[in-house]
1. What number of residues within segment B:151-165 satisfy the criterion of being over 17 Å from residue B:127 (Cβ atoms) and within 14 Å of the chain's Cα centre (by Cα)?
2. Given (1) out of contact with any helix residue (DSSP H, G or I) (no Cβ under 7 Å at 6 or more places or on another chain); (2) small (Gly, Ala, Ser); (3) at pLDDT 90 or above, identify the lone condition not met by residue B:208.
3. Could you list, ordered by first residue, the pairs with Cβ atoms under 8 Å in which the first is in segment B:199-216 and closer than 11 Å to residue B:44 by Cα and the second is of a type in the set (Ser, Thr, Tyr) and not in a helix (DSSP H, G or I), at least 6 apart or interchain?
4. Inside segment A:163-199, can you point out the residues that are charged (D, E, K, R) and under 23 Å from residue A:149 (Cα atoms)?
5. Only one of A:265, A:343, A:277 is on the phi > 0 side of the Ramachandran plot and either buried (at least 21 other Cβ atoms within 10 Å of the Cβ) or not polar (S, T, N, Q) (or both); which?
6. Within segment A:286-309, can one find any residue that is closer than 24 Å to residue A:255 by Cβ, assigned to a strand (DSSP E or B), among the hydrophobic types (A, V, I, L, M, F, W, C) and in contact (Cβ under 8 Å) with a residue 12 or more places away in the chain?
7. Can you find even one residue in segment B:142-158 that is within 12 Å of chain A (Cβ to nearest Cβ), in contact with a helix residue (DSSP H, G or I) (Cβ under 8 Å, 6 or more places away or on another chain) and under 18 Å from residue B:90 (Cα atoms)?
Amino acid sequence: MAERATFGDLLHSRGVSRRAFLKFCSTTASLMALPAGTATAMAEALSAARRPSVIWLSFQECTGCTEALTRSHAPTLESLLFNFISLDYHHTLQAASGDAAEHAREEAQHANSGEYLVLVDGSIPLLEYCSTVAGISNKAMLVAACEHAAAVINIGTCAAYGGIPVAKPNPTKAVAVGDIIKDKPIINVPGCPPMPLAITGVIAQYLTLGKLPQLDHLGRPVAFFGENIHDRCYRRPFYDRGQFAETFDDEGARKGWCLYKLGCKAPVAYNACAHIKWNNGVSFPIQSGHGCIGCSEPGFWDMGGVYQSVATGKFGDGAKLGAAATAGAALGAGAAILARRRKAALHGEDSAEH
Amino acid sequence: MSLLDFARGPAIHASLIILVAGILLRLVGVLALTRGADLSRPRDAFGNFKGYRTVFSRFWPSSEFTTATIYQTAMAYVFHLAALLVVVGIVPHIEFITSLTGFSWPGLPNWLGVAMGTLALGSLIALIIRRLSHPAVYNSTVGDYITWAIVALPLVTGLMAFAHVGPRYETMLALHILSAALLFAYMPFSKLMHAFWFIFSRAQSGLAYAHKGVRI
């Protein structure tokens with residue numbers, strides 16, 4: 001595709017109808033809670049939008065985020081939008097390698113200074129030797145790439161909050177992008193992996209309105225992460241009735257009852273899984289019979305066991321409670337003995353006086 | 001560490017240690033202070049039996065006092081029974097107790113749990129209203145009001161967490177656990193120890209009266 005081609009040109013070349021495109025714009029606009037008239041404006045702006053330069057940095061990650069986006073489902077407008085961006089640098093997807101790849105990144109930074117987007121997946125190890133690309137540490141590459149960026153979009157929980165690399169004992173001393181980059185707008189699109197529509201939704205809004213979406217206190221777009229999965233879950237009525245699956249193969253599990261007791265983290269997880277769903281709206285983890293693991297939340301890997309319910313306390317072993325009971329009883333007995341001795345001594349004094 | 005992690009981990013753990021150590025400290029500390037033997041001849045041959053019977057006979061005031069005490073007695077019963085059902089009947093509570101003890105049992109449907117929580121809170125409010133409107137009867141101290149607030153907080157935060165009122169659910173859940181932790185840590189050193197003392201104090205009163213031949 002030519003560098004100056006618009007998104008409209010791309011859609012036309014792929015045979016996407018105007019109706020399908022407007023449908024996409026309406027869906028995206030409503031999902032992002034934009035005003036009703038925005039869909040048309042979004043369609044016009046998107047059609048005319050030039051390819052934005054994007055540098056995608058992959059650090060301590062598993063490539064699951066890229067996989068989720070590129071292999072989400074049959075070719076859709078979301079994936080076309082992803083194809084549309086000028087992905088000037090992406091370890092996994094770029095054809096170039098070695099010096100040519102690094103040169104492409106530097107050239108993109110220089111040519112689009114102040115305008116390009118940096119998309120990051122993966123956390124950054126503060127022990128810099130733990131992860132390097134072309135001999136450059138992740139931290140140095142992130143700082144250099146963000147220096148003249150318009151904004152940073154963290155794709156996945158690892159980039160947003162550290163994710164699995166940050167889990168105890170965090171051997172690489174991994175941190176999130178926001179722990180290093182402080183002077184750029186940062187949008188977190190967490191998830192393990194994040195929902196493709198959340199990624200493209202943020203990019204679409206940036207392309208059409210030229211501004212970033214409204215974010216929650218954890219830097220996530222409210223449109224996708226503003227609602228509790230438990231509140232949106234189709235199994236919620238079973239929770240309200242007190243009908244729970246006790247194991248993964250009991251009657252409750254077969255009847256599709258609530259997975260709360262099997263460790264579902266939906267009550268403390270905020271994401272769009274329950275209403276947008278995955279694979280073109282086919283299903284999501286809870287629908288396929290497994291509890292939510294709360295992957296869009298900071299520190300989700302250390303939130304307690306995957307199969308421990310959210311109401312479970314973290315006590316370690318009961319030894320401390322046993323020791324406390326013994327100590328309490330010993331202190332009580334000691335206090336009583338002291339008091340009796342004091343009383344006996346007082347009586348002794350009384351009898352001596354008489 | 002998030003607020004919820006703190007509440008579910010160190011806070012509730014420390015409060016349980018204080019609860020267990022505190023209850024045993026007070027129980028052993030007081031019970032080991034045995035009274036000296038009463039050398040007088042008992043006027044009732046069944047004194048011991050009647051003393052222990054008092055533990056049960058005082059579950060309801062004597063009929064002479066019905067008019068004066070029916071309101072607070074009924075409200076106290078509603079509160080205690082509803083609070084007990086909430087503590088041991090709601091599924092998240094059972095999950096918590098199971099994680100601590102390994103024991104588990106079927107939970108109440110949520111609608112019943114919410115009804116019990118609301119009843120418990122309502123009766124608690126009814127009791128404080130009486131206390132406030134009859135200062136001469138109760139002769140309340142600041143500690144009484146603090147105790148009331150510490151008992152009411154877990155009910156308020158629990159109902160709010162369930163209804164998703166106020167802050168986000170995980171914050172409300174953390175506040176609920178922290179309020180329970182406060183209750184646990186406060187319990188052994190306050191009037192809330194009546195949960196244990198009522199048995200011993202009733203038995204002691206019964207024994208003393210029976211020894212003197214007083215019919216109770």
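The values are calculated or read from the model by the stated rules, or taken from the named source; none is laboratory data. None of the values given here were measured: they were computed from a predicted structure. Here the Cβ positions follow ideal geometry from the backbone for every residue, glycine too, while neighbour counts run over all protein chains shown.
1. Within segment B:151-165, residues that are over 17 Å from residue B:127 (Cβ atoms) and within 14 Å of the chain's Cα centre (by Cα) number 0.
2. So residue B:208 meets the others, but not (3).
3. Pairs that qualify, where the first residue is closer than 11 Å to residue B:44 by Cα and the partner is of a type in the set (Ser, Thr, Tyr) and not in a helix (DSSP H, G or I), are B:211/B:40.
4. A:179, A:182, A:183, A:184
5. None of the others qualify; the one that does is A:277.
6. Within segment A:286-309, none of the residues are closer than 24 Å to residue A:255 by Cβ, assigned to a strand (DSSP E or B), among the hydrophobic types (A, V, I, L, M, F, W, C) and in contact (Cβ under 8 Å) with a residue 12 or more places away in the chain.
7. yes
Conditions tested, residue by residue: (1) at pLDDT below 75; (2) surrounded by 14 or more Cβ atoms within 10 Å (Cβ to Cβ).
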{"site": "A:5", "(1), (2)": "yes, yes"}
{"site": "A:31", "(1), (2)": "yes, yes"}
{"site": "A:35", "(1), (2)": "yes, no"}
{"site": "A:40", "(1), (2)": "no, no"}
{"site": "A:43", "(1), (2)": "no, yes"}
{"site": "A:56", "(1), (2)": "no, yes"}
{"site": "A:59", "(1), (2)": "no, yes"}
